[in-house]
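Enquirer: So that we are looking at the same thing, I have put the structure below in structure tokens.
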Amino acid sequence: MRKKIIAGNWKMNMLPNEAMSFITELEPYAKNAKCEIILCVPYTDLFYSLLTAQNTNIKIGAQNMHWEESGAYTGEVSPNMLKCINVEYVIIGHSERRQYFAETDETVNKKIKSALNHSLKPILCVGETLEQRENNMQDAIISNQIKSALKGIESIENITIAYEPIWAIGTGKVATKEDANNTIKIIRSTVKELYGDNVAQNVCILYGGSVKKENAKELFSTSDIDGALVGGASLKVDEFAKILESM
Ligand code: PGA
């Protein structure tokens, strides 16, 4: 059985006191969840969140990192900075980072390698634009993103992949379960090409983009969607708890 994960991506939201209350309130729901739960929080919430989530089954992740360990990179945070406070997961290559902060397939690849070298577990995000989807280019685009991101990486045992069509993020336009499942199958077959069938059958692949309590169950009923990366709907405990219950 493949691992199931529901991860929240808080983006640039939540102050430390809000993060601590959220985790405390989520805990009773998290206890009964049938999946791994990860909250990817802003840097300033990491330490407070990790302390509050101690002795719970809620894992904490960051939303980005630099690939270097240290140096003259004003404003950046390094993998060993995350690791030394016990952060376990890190989102890499989110479309908002690619779009607004000039991340490329090349920097995504460097970050994935560096995260793995520091025993952090990357959540690798890939996804196509609306124009690419309208021109039916999504399969080629996604497959290329996966190949570039994983270039030179021997084992993907600690990598989770998130398929997030850019046109579905924050827009309320969720992909149909068939479209999301089909594209995730393309990701699985790309992984198979690179690492063989066994690895492809075991890699955990999430869907992200306007996941809500109303559509989660349907998405989770498919053959290849192993969970979700949730943005807006991960900011309210009751909404996020309902998504956990849908698994
Ligand atoms: P959304 O964001 O759920 O608000 O669409 C998902 C994401 O960006 O990871």
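Enquirer: To the nearest 20 Debye, how big is the dipole of the range 195-240 about its Cα centre, given +1 on the beta carbon of each Lys and Arg and -1 on that of each Asp and Glu?
Expert: Using Cβ point charges on Lys, Arg, Asp and Glu, the range 195-240 gives about 180 debye.
Enquirer: Determine the sum of side-chain charges near residue 36: Lys and Arg each +1, Asp and Glu each -1, restricted to other residues whose C-beta is under 9 angstrom from that of residue 36.
Expert: Computed value for this residue: +3.
Enquirer: Next question. So which aspartates and glutamates can residue 3 reach, going by Cα to Cα under 17 Å and dropping same-chain residues fewer than 8 places off?
Expert: Straight-distance partners of residue 3: 36, 88, 157, 197, 224, 226, 245.
Enquirer: Which FRET efficiency, nearest 0.05, do residue 70 and residue 17 yield, Cβ-Cβ r, R0 41 Å?
Expert: Working from the Cβ atoms, E equals 0.85.
Enquirer: Which of 135, 64, 182 moves most in a GNM of the chain, Cα contacts under 10 Å?
Expert: Per the Cα network of the chain with a 10 Å cutoff, 135 tops the list.
Enquirer: Treating the chain as a set of equal point scatterers at the Cα positions, no solvent, please give the Debye-formula log₁₀ I(q)/I(0) at q = 0.16 Å⁻¹.
Expert: -1.18
Enquirer: With a 10 Å cut-off between alpha carbons and a GNM built on the chain, which of 95, 189, 223 moves the most?
Expert: 223
Enquirer: Pairs of alpha-carbon atoms within less than 8 angstrom and 6+ residues apart define the contacts here; what relative contact order does the chain have, in percent?
Expert: RCO, the chain: 21 percent.
Enquirer: Right, next: Using the scaling law 2.2 N^0.38 Å as the reference, what is the normalised Cα Rg of the range 128-247?
Expert: For the range 128-247, the normalised Cα radius of gyration is 1.06.
Enquirer: Hey, with R₀ at 35 Å, roughly what FRET efficiency would residue 137 and residue 222 work out to, going by the Cβ-Cβ distance, to 0.05?
Expert: The formula returns an efficiency of 0.95 here.
Enquirer: Something else now. For the range 159-246, what is the number of Lys pairs with C-alpha distance below 23 angstrom, counting only pairs 8 or more positions apart or on separate chains?
Expert: Pairs that pass both the separation and distance tests number 20.
Enquirer: Now for a different question. Provide the net charge surrounding residue 49, with neighbours chosen by a C-beta distance below 15 Å and charges set as Lys +1, Arg +1, Asp -1, Glu -1.
Expert: Here the count lands on -3.
Enquirer: Kindly write out, for the range 221-235 in residue order, the coupling ³J(HN,Hα) from the Karplus curve 6.51 cos²θ - 1.76 cosθ + 1.60 (θ = phi - 60°), rounded to whole Hz, with x marking Gly and Pro.
Expert: Taking θ as phi minus 60°, the curve returns 7, 8, 6, 10, 7, 9, x, 9, 10, 10, x, x, 6, 9, 8 Hz for the range 221-235.
Enquirer: Anyone know which of 130, 206, 150 comes out most mobile in the 10 Å Cα GNM of the chain?
Expert: 130
Enquirer: Further question: Got a sec? What order do 194, 50 fall in by accessible area at 1.4 Å, biggest, i.e. largest, first?
Expert: So, going from the largest accessible area down, we get 194, 50.
Enquirer: Can you give me the relative contact order of the range 31-178 as a percent, contacts being Cα pairs under 8 Å and 6 or more apart?
Expert: 19
Enquirer: With r as the distance between the Cβ atoms of residue 144 and residue 179 and R0 = 22 Å, compute the FRET efficiency 1/(1 + (r/R0)^6) and round to 0.05.
Expert: 0.75
Enquirer: Would you calculate, for the chain, the mean residue ellipticity at 222 nm contributed by helices, counting each DSSP H stretch of 4 or more residues as -39,500 (n - 2.57) and dividing by all residues, to the nearest 500?
Expert: Rounded to the nearest 500, the figure is -13000 deg cm²/dmol.
Enquirer: Once each part is reduced to its C-alpha centroid, what is the distance from the range 95-144 to the range 230-247 in angstrom?
Expert: That distance is 24 Å.
Enquirer: Then there is this: Under the rule of at least 5 residues apart or a separate chain, name every residue whose amide H is placed under 5 Å from the amide H of residue 128.
Expert: 166
Enquirer: So for the range 23-111, if I pair up every lysine 8 or more residues apart or on another chain, how many of those pairs have alpha-carbons under 19 Å apart?
Expert: Taking the range 23-111 as the scope, the lysine pair count is 5.
The values are calculated or read from the model by the stated rules, or taken from the named source; none is laboratory data. As the structure is a computational prediction, the values presented were derived from the model and not from experiment. Ideal geometry is used to build each Cβ from the backbone, glycine not excepted, and the neighbour counts take in all protein chains shown. Remember, those area values only see protein heavy atoms, side chains included, never the ligands or the DNA or RNA. Shrake-Rupley method; radii C 1.70, N 1.55, O 1.52, S 1.80 Å.
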